[in-house]
Amino acid sequence: MAQMIFVNLPVKDLEKSKTFWSRLGYSFNPQFTDENAACLVFSDTIFAMLHSEPHFKEFTEKDIADASATTEVILALGAESREKVDELADAALVAGGSPANDPQDYGFMYLRSFQDPDHHIWEITWMDPKAVEGASRRYRRGHQPLRP
């Protein structure tokens, strides 16, 4: 069985967050979605649990980071093409997101980033499959992975 990842994020307005991600073409798993949290589905193995802030606070004794003032994490999602990077980033801005950083184009890798309505930073990244294959081979031989 493939390993799965569940990223847990606090959100101020759960319905607003669900609407934002729905406008980008993503869905939610109703089995793990209620008035306190929503299970955002990126793939068969990648999910984000969007928790209302009071619900998120039940899982930690630490303060919740104010993502509008500090960066708590940068989340990166792969895209199958440069065009898909632009499509998703543009859709995020239209849906109520805001720009995070300037686009980065390294030839073999292209990415754009945005902030969701709660200011979590997301990068949409495309990497040339040949560059990924070459980096993977170098890494297996003990070299550093390919970096921009």
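The values are calculated or read from the model by the stated rules, or taken from the named source; none is laboratory data. Please read all numbers here as calculations on a predicted model, not as lab measurements. When we count neighbours, we look across all protein chains shown, and the Cβ atoms used for this are built from the backbone with ideal geometry, even at glycine.
Tabulated values for the structure
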item	result
Number of the condition not met by Phe108 [criteria: (1) modelled with pLDDT of 95 or more; (2) not assigned by TED's automatic domain parsing to the domain that holds Leu9]	(1)
Test: Phe47 is in a strand (DSSP E or B), under 20 Å from Pro117 (Cβ atoms) and aromatic (Phe, Trp, Tyr)	yes
Residue in the range 82-93 that is under 13 Å from Ile121 (Cα atoms), touching a residue at least 40 places away in the same chain (Cβ under 8 Å) and in the same structural domain as His120 (by TED's automatic domain parsing) present	yes
Criterion (over 13 Å from His120 (Cα atoms) and touching a Phe, Trp or Tyr at 6+ places or on another chain (Cβ under 9 Å)) met by exactly one of Phe28, Phe59	Phe28
Condition met for Phe20 (more than 29 Å from Phe108 (Cβ to Cβ), in a helix (DSSP H, G or I) and at pLDDT 95 or above)	yes
Matching residues in the range 66-89 - criterion: being surrounded by 13 or more Cβ atoms within 10 Å (Cβ to Cβ) and either touching a Gly at 6+ places or on another chain (Cβ under 6 Å) or of a type in the set (Asp, Glu) (or both)	Glu72, Asp86, Glu87
Residues being free of Cβ contacts under 8 Å to residues at least 40 places away in the same chain and not in a strand (DSSP E or B) - total across the range 23-44	10
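Yes/no per residue for (1) in contact (Cβ under 8 Å) with a residue 60 or more places away in the chain; (2) in the same structural domain as Asn29 (by TED's automatic domain parsing):
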| site | (1), (2) |
| --- | --- |
| Ile46 | no, yes |
| Met49 | no, yes |
| Ala95 | yes, no |
| Ala131 | no, no |
